[in-house]
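See structure below.
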């Protein structure tokens, strides 16, 4: 059970949509194989690299099903777009935790983008691998590699250990997934 939860959490983080700041509609990524490198700043963990095969429908589903939440979960949300940079500031509540986030998304969903998220979590149930309260900082660097490899299906995520998980085969997580 814990393994499934950790795998699900990694999938959500890899997509870059687990952060409450992403409660607005993100553009879909270009169909194909994406490489995602996640860094948890200040956590002394190695950078995690995953590959994700997407098509427009799967990416849209990931955004809506595993997104950071909905407007009703957020007491504040401010989105500013300027050129290829989007800045999102939000205060959202998920499962009893209040999460204040600042995210900067830069780049193009056609070839490469970065996500830099700083957040503070207060209250709520503990989540394995995340601090019960306090600050966290995550960076994601994503780049489009080309077409999905032979045998891959949209939704396939190749984990750092080589295991493949397909998000379409995973049990649904609540749309108010905590950070």
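Nothing in this text is a laboratory measurement; each read-out follows from the coordinates by a stated rule. Please read all numbers here as calculations on a predicted model, not as lab measurements.
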Full-stretch length increase - residue 125, residue 57 - with 0.36 nm per residue and alpha-carbon distance subtracted: 21.3 nm
Between residue 45 and residue 104, what length in nm is gained on full extension when 0.36 nm per residue of separation is reduced by their alpha carbon distance? 19.1 nm
